[in-house]
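Read through the structure below, which is laid out as structure tokens, and then see the notes.
A short reminder: the numbers here are calculations on the coordinates, not readings from a lab. Since the model is a prediction, treat every value here as computed from it, not as a measurement. Quick reminder, even Gly has a Cβ in these numbers, built from the backbone with ideal geometry, and neighbours come from all protein chains shown.
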Amino acid sequence: MLTKPSRLATPARAIIHDSPRARRAPTPAAHSPESQRALLRRTRQPPFDSLEVDYSQPNLRIELIAGERPLFSGLWAFETTVGGNPLSAAGPWEEVCRHTDREVDYLELELPLSGGWKLQRQLALARNDDFLYLADALIGAQALAESARTEIRHSFRLPFVAGIRFEPAVETREGSLYRGRKRLALVVPPALPEWRAELCPGSLTGTQSHLVVDHAAHGRNLYSPLWLDLSQARLRRECTWRRLSVGANLEVQPRDVAAGFRVQSGKEQWLVYRSLAPRGNRTVLGQNFLSEFVLCRFLSSGKTEDILEIE
């Protein structure tokens, strides 16, 4: 039985700010710590957008429904190598943060891996902004040691429901999910360059059965996010995104220390920031952050409004 969650399920992460309009009535989310299942759901009324997660196994089982149309169902599998050596699960998934309010449902899980590595998986369903943000963060045992830099390769696969297919854009790296001629969602890989003309060690592709995200880097940590726009109205708009420079002490920080992204659809824009090293005062697009994770929208004034900020 899934039960309604508290605003914060565990003390491992602290919610330090959410928007004023978020602090209102109970939300339609549900959670069962005993069975290790969670339901992220945007509304109580149709058309429903929901993500059900079963994290009782090393490969999560998920079911994503957008506008009452199933998109993904099955195992959310991953493959990781570090220095050419494959990593495997060294224990069960642990819930490290769970938050729900009128703005967002958020779940963060952590899986210990061999070699002292850990996989942190983020899932955020934005209620008012109608998008799903998924991300894998690979954190090394020696997250700050220069000598720990090595080749990291990470891939994850999201299982299509029968009849769903992925159609990539021609010149850019985003793509769309279709059933027949009906376009259901836009998929953006924020950590990859937008234009295919720019070479990079990563890809967003589709097979007959899966959406596949591949990412590689030489470093101490790796961050691989995915942005799914579920808004039918925005699917008619132009979309663009940028990988942002993160600064600290007047120096640009390596991508294995912190990552920042801007996603834009028409006139709507969002900012994502994630720290992969111990938190510090860092700057992205003129915004100063001391937090581990920030998800915010841009207002027409140019200022930002937090959807979620995690200490």
Between Asn85 and Ala162, what is the label-to-label distance in nm when each label sits 7 Å out along the Cα-to-Cβ direction? 4.3
Would you work out which of Leu177, His215, Ala137 lies farthest towards the positive end of the dipole of region 97-227? Charges go on Cβ: Lys and Arg +1, Asp and Glu -1. Leu177
Cα centroid separation - region 212-227 against region 136-202, whole Å: 8
Gyration tensor (alpha-carbon) shape descriptor, region 197-311, a/c threshold 1.5: oblate
Fewest-first ranking of Cys239, Cys200, Cys97, using other Cβ atoms within 10 Å as the exposure measure: Cys200, Cys239, Cys97
Need one number: nm distance between label points at Glu171 and Trp195, each 7 Å from Cα along Cα→Cβ, rounded to one decimal. 0.9
Using square roots of five times the C-alpha gyration tensor eigenvalues, list the equivalent-ellipsoid semi-axes of region 37-77 in whole Å, biggest first. 21, 11, 4
FRET efficiency for Ala233 and Arg279 from the Cβ-Cβ distance with R0 = 45 Å, rounded to 0.05, comes out at 0.80
For region 15-235, give the magnitude of the charge dipole about the Cα centre (Cβ charges: +1 Lys/Arg, -1 Asp/Glu; no others), in debye to the nearest 20. 580
Given Cβ point charges of +1 (Lys, Arg) and -1 (Asp, Glu) and nothing else, what value in debye, to the nearest 20, does the dipole of region 163-311 about its Cα centre take? 500
Additional length obtainable on full extension of the chain from Thr205 to Glu305, 0.36 nm per residue less Cα span: 32.8 nm
Most exposed to least, judged by fewest other Cβ atoms within 10 Å, Glu167, Glu268, Glu238 sort to Glu238, Glu167, Glu268
So if the hydrodynamic radius of region 23-103 is defined as the Kirkwood radius over C-alpha pairs, what does Stokes-Einstein give as its diffusion coefficient at 10 °C and 1.306 mPa s, in µm² per second? 109
Please work out whether the chain counts as rounded, prolate or oblate from its C-alpha gyration tensor, where a ≥ b ≥ c are the square roots of the eigenvalues and a/c under 1.5 means rounded, while otherwise a/b larger than b/c means prolate and anything else oblate? rounded
How large is Rg/Rh for region 145-249, to two decimals, with Cα atoms and a Kirkwood Rh? 1.02
For region 107-194, compute the orientation-averaged projected area of the C-alpha convex hull (one quarter of its surface), in nm². 8.4
